Amino acid sequence: MPARTAPVTAARRSWQGSPAPAPARPPRAFLDLGAVLTAPRCARAWTREILWEWGAAGLADAAELVASELVTNSVNACVGLDQAAIRLILTLDQGELAVLVRDDHPGAPQARHPGADDESGRGLLLTQALSDRFGWYPLEQGGPGKVVWAVLEAAPVAPGDSAPGFIP
């Protein structure tokens, strides 16, 4: 019996040529830091640069402060730990910026209630005030550590307008 092949139709030919574009992934970036006193300053500068690259500079002021406070808390929590590492992660999806800070300290973050003259202890209070929601969770791998996170929402933009502070 001779072999038969079906005629090539446009529908069968659709796989040829350019592949369909992959769905866009939300931008994500991370920065590994040591548990050192200069880490919060590095976190602020890096956060501002990443948001500028993503065209989300309007979120930079609040995001810098949140990142800096969360990293400062991680540095303070990791004092005395051997080989302590901190990772700052930023993701931007559907108008929400997530700021996550992972560290090797197993304990839960504790909000303090500083007095008027205290110079520290306001990090989680500032994070709560600046973010739309925040929280923390322990690492699942069974090892020590946790992730503290905060979500900031971009201001809604009317169709056809550009968001203030956003770079097209």
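The figure for Ile89 is an accessible area of roughly 20 square angstrom, using a 1.4 Å probe on the protein chains alone. When peptides 74-87, 124-137 are ranked by their average number of other Cβ atoms within 10 Å per residue, the highest-first order is 74-87, 124-137.
Accessible area of the stretch 43-104 with a 1.4 Å probe: how many percent of it is carbon plus sulfur? About 46 percent, which is the carbon plus sulfur part of the accessible surface.
Evaluated with a Cβ-only charge set (Lys, Arg +1; Asp, Glu -1), the stretch 58-110 carries a dipole of roughly 120 debye about its Cα centre, given to the nearest 20. Amide H to amide H distances under 5 Å link Ala56 with Ile167, where only residues 5 or more positions off or on other chains count and H is placed in the peptide plane. Convex hull volume of the Cα atoms of the stretch 29-88, normalised per residue: 56 Å³.
Shown in residue order for the stretch 84-98 are the 3J(HN,Hα) couplings computed by the Karplus curve 6.51 cos²θ - 1.76 cosθ + 1.60 at θ = phi - 60°: 6, 10, 10, 10, 9, 10, 10, 9, 10, 8, 6, x, 10, 9, 9 Hz (x for Gly and Pro).
The values are calculated or read from the model by the stated rules, or taken from the named source; none is laboratory data. Just so we're clear, the structure is a prediction, and the values are computed from it rather than from any experiment. Positions of Cβ are generated from backbone atoms using ideal geometry, with glycine treated the same way; all protein chains shown enter the neighbour counts. Areas reflect the complete protein model, heavy atoms only, side chains present, ligands, DNA and RNA absent. Shrake-Rupley method; radii C 1.70, N 1.55, O 1.52, S 1.80 Å.
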